[in-house]
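The values are calculated or read from the model by the stated rules, or taken from the named source; none is laboratory data. It should be emphasised that the depicted structure is a prediction, and the values quoted were computed from it without experimental measurement. Neighbour counts are summed over all protein chains in view; Cβ atoms, including those assigned to glycine, are modelled from backbone coordinates with ideal geometry. Ligands, DNA and RNA are stripped out before the accessible areas are found, and what is left, the full protein with its side chains, is counted by its heavy atoms. Shrake-Rupley method; radii C 1.70, N 1.55, O 1.52, S 1.80 Å.
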Amino acid sequence: MITTFCSKRFMQKRLFSLILISILITRSFAQSFSPGMSQALPDHPRILFLTGEEATIRKTIASNEIWNKVHQTIIEWSDSILQQKPVKHVLVGKRLLGEARECLRRIGYLSYSWRMTHDDKYFKRAEKEMLEVASFTDWNPDHFLDVAEFTMALSIGYDWLYDKLSVNSRKAIRDAIVEKGLKQSLNNNYNGWLGRSNNWNQVCNAGMTYGALAINETDKKLSELIIDRAIKTIALPMNEYNPDGAYNEGYGYWGYGTTFNILFLSAVEKVFNTDFGLLGNKGFLKTPGYLSNMLGTSGIPFNYSDCGSEVESHPAMFWLAKRVNDYSLLWTEKKYIEPELKARSKLLPFLLIWSSGIDLNAVTEPQTKMWVGKGKNPVALMRTSWTDPNAIFVGIKGGTCQAGHSHMDAGSFVMDAEGIRWAMDFGPQNYNSLESQGVDLWNSKQNSQRWRVFRYNNFVHNTLTINNELQLVDGYAPLINSSDSKNFMNATFDLSEIYKGQLTKVMRGIAIINQKYVLVRDKLTASGKDALVRSTLLTSTDVKLKSDGTSELTKNGKKLLIKVQEPEHVIMKTWTTTSANDYDAPNPGTTLVGFEVNVPANTKASLTVLLIPEQASAPVNKEILPLKNWNK
């Protein structure tokens, strides 16, 4: 049996994990502390940016103009907010998260600026910000991510500015960390994230741990309980990176969940001189390979699930590259440091802390052009070059709708060539825009409203739709084989469970042929009833249906040809991307293009589609190996 995450075993594993986590939490509350937990902690500052590390950062800044620009950006932006009003308790829908994130950015920047310059203006402004947030009635524990980021923000300021804060300011900030942060995490109405295996666990445990480290000397038992609980429970999302490092929630949430996981690990290691065995998880240390391969040659990431198409810098990659001693993992990261300065990411101070000693000029391109990862949402990522801007990139996924933030997109792919994203993914719709209209967005059952949201179902992904039906939420599509052969780089997924009851067998393979063009091949076996199979490709290009049955895509003066090799004589079609639902976001400038074929009951069929960039001068191979032989 190839499928390892089929629905029954998936649910059994989830139930087991919840039981295990309950046991671990109970043990934490009984104060069965991890070895080394009861040692006396270093003096402040003890969180991430220790006493004397200012000199190390100054050396980093002096070593490269890019690092100097990062430093100057932090200082300049700190100057720009000196006269701004502090963040306010303003909910957007059910979230206070925007204000919490802004608070983390402001306090992180201002506290860093004071540590590096000792200019009182930065200290005073950081103190003002912290006291304002400390005075809030609450930090919105109903949406605990908000609490986590507020707690982390105030803990960083409290710790980094500790010696300069007055006794009264310390007490007000410390009391807020304890009462509005840490103690709220002991309330069972708010701490369901302890049993989750997604970014909530990573972010909330990191925020609570920073709070616990900050107030350790005054609330030692509470501090030890929180940290020990985090050490035990953060293992749950860390296990989700197994076996190869793929992150179930996609590119954007990797940047959120993994970054906070690294914030947790980095801080704990610096205080306790141990990772408490957490990095014995080999999948977690493989995850920088996933992230570094997720960016297409168009400059757009493979944005499956609830992930946008924006590119961002990931400071956590610098910590990871150091840990595994592979700086080629920073090949794409170094390109996006300077563009990220315009966004003034809240993570820039951490970038300078984690990049210490890294020579950007010594970062070389990766040696491999294909990366595959199994797990709940397995992916295959392949490209023809790391340096050629016209290179081909393909990302394809299998998986399950039951992973966090997933869409009905098993078998879906994106494709770049000549700097253009030809086959695209919408990504998510703004959550509040749906929630505010009463959409039950977070219910992932088969007939839930989530799957009626236009961008979320299989009808508008680059995959198959059978008899106009949804993919099955309790199915799982494993990656079954792959090859990084130079002239036949390929991966194959078994989609059969996703279409159970619609077709008997569904296999999808995708390949880059001779480094020139892309081939998508589906092998289908019908059940005892006829099946209408629709194959679609979503694009933001101009689409022209040609009389010879092909489709020509055009953008920025460049072209790509879609040619259906099997079956012969199909009629290409387009479908609108405008939804009839008033809650769906508009999708201007996009088109669905594809074809439909009838597969009679109890028969087999093959669909073979070629995606041929205009630059591909090589002739197309007419004979294609059966999918079962692709990796031989």
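General remarks:
- Cβ-Cβ distances below 6 Å connect the following pairs, each with a first residue in the range 93-117 that is touching a residue at least 40 places away in the same chain (Cβ under 8 Å), a second residue that is of a type in the set (Lys, Arg) and in a helix (DSSP H, G or I), and a separation of six or more residues or different chains: 110/125.
- Of all the residues in the range 143-185, those that are of a type in the set (Phe, Trp, Tyr), crowded, with 21+ Cβ neighbours inside 10 Å and closer than 22 Å to residue 115 by Cβ number 3.
- Members of the range 340-372 that are on the phi > 0 side of the Ramachandran plot and at pLDDT 95 or above: none
- Every residue from the range 38-82 that is farther than 26 Å from residue 260 by Cβ and assigned to a loop (DSSP other than H, G, I, E, B): 40, 64, 82
- Residue within the range 187-210 that is touching a residue at least 24 places away in the same chain (Cβ under 8 Å), on the phi > 0 side of the Ramachandran plot and part of a helix (DSSP H, G or I) present: no
- Qualifying positions in the range 83-133 - assigned to a helix (DSSP H, G or I), basic (Lys, Arg) and open to solvent by less than 70 Å² (accessible area, probe 1.4 Å): 105, 106, 115, 125
- So residue 577, is it assigned to a loop (DSSP other than H, G, I, E, B) and buried (at least 18 other Cβ atoms within 10 Å of the Cβ): yes
- Scanning the range 248-297 for residues that are open to solvent by 10 Å² or more (accessible area, probe 1.4 Å), touching a helix residue (DSSP H, G or I) at 6+ places or on another chain (Cβ under 6 Å), touching a residue at least 60 places away in the same chain (Cβ under 8 Å) and not hydrophobic (A, V, I, L, M, F, W, C) turns up just one, 253.
- Residue match in the range 171-180 (condition: in contact (Cβ under 8 Å) with a residue 24 or more places away in the chain, more than 33 Å from the chain's Cα centre (by Cα) and under 28 Å from residue 81 (Cβ atoms)): yes
Yes/no per residue for (1) under 30 Å from residue 519 (Cβ atoms); (2) open to solvent by 10 Å² or more (accessible area, probe 1.4 Å):
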residue	(1), (2)
326	no, yes
332	yes, yes
338	no, yes
341	no, yes
345	no, yes
361	no, yes
365	yes, yes
377	yes, no
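- The lone criterion from (1) in a loop (DSSP other than H, G, I, E, B); (2) out of contact with any strand residue (DSSP E or B) (no Cβ under 7 Å at 6 or more places or on another chain); (3) not acidic (Asp, Glu) left unmet by residue 462 is number (2).
- Candidates 546, 500, 516, filtered to the one that is touching a Ser or Thr at 6+ places or on another chain (Cβ under 8 Å) and more than 16 Å from residue 598 (Cβ to Cβ): 516
- The set of residues from the range 307-316 being out of contact with any Ser or Thr (no Cβ under 6 Å at 6 or more places or on another chain) and either modelled with pLDDT of 95 or more or open to solvent by less than 10 Å² (accessible area, probe 1.4 Å) (or both) comprises 307, 313, 314, 315.
- Residue list for the range 488-505, filter: closer than 24 Å to residue 389 by Cβ and open to solvent by 10 Å² or more (accessible area, probe 1.4 Å): 488, 489
- Tally of residues being farther than 19 Å from residue 122 by Cα and either hydrophobic (A, V, I, L, M, F, W, C) or out of contact with any helix residue (DSSP H, G or I) (no Cβ under 6 Å at 6 or more places or on another chain) (or both) across the range 56-68: 8
- Of all residues in the range 321-352, those satisfying the criterion of being in contact (Cβ under 8 Å) with a residue 60 or more places away in the chain and either outside any helix (DSSP H, G or I) or touching an Asp or Glu at 6+ places or on another chain (Cβ under 7 Å) (or both) are 344, 345, 346, 347.
- For the range 373-380, the count of residues that are touching a strand residue (DSSP E or B) at 6+ places or on another chain (Cβ under 9 Å), basic (Lys, Arg), at pLDDT 95 or above and under 21 Å from residue 246 (Cα atoms) is nonzero.
- Residue 383 passes every criterion in (1) within 20 Å of residue 505 (Cα to Cα); (2) of a type outside the set (Asp, Glu); (3) modelled with pLDDT of 95 or more; (4) under 22 Å from the mean Cα position of the chain (by Cα) apart from (1).
- Here is the figure for the range 570-609: residues that are in contact with a Phe, Trp or Tyr (Cβ under 6 Å, 6 or more places away or on another chain) and of a type in the set (A, V, I, L, M) total 3.
- Pairs are defined by a Cβ separation below 7 Å, a sequence spacing of at least 6 or placement on different chains, a first member in the range 506-520 that is surrounded by fewer than 23 Cβ atoms within 10 Å (Cβ to Cβ), and a second member that is assigned to a strand (DSSP E or B) and of a type in the set (Ser, Thr, Tyr); the pairs so defined are 507/492; 519/608.
- In the range 439-487, the qualifying residues are those that are free of Cβ contacts under 8 Å to residues at least 24 places away in the same chain and of a type outside the set (A, V, I, L, M), and the one that is surrounded by the most Cβ atoms within 10 Å (Cβ to Cβ) is 450.
- Subset of the range 115-128 (residues that are touching a Lys or Arg at 6+ places or on another chain (Cβ under 8 Å) and aromatic (Phe, Trp, Tyr)): 123
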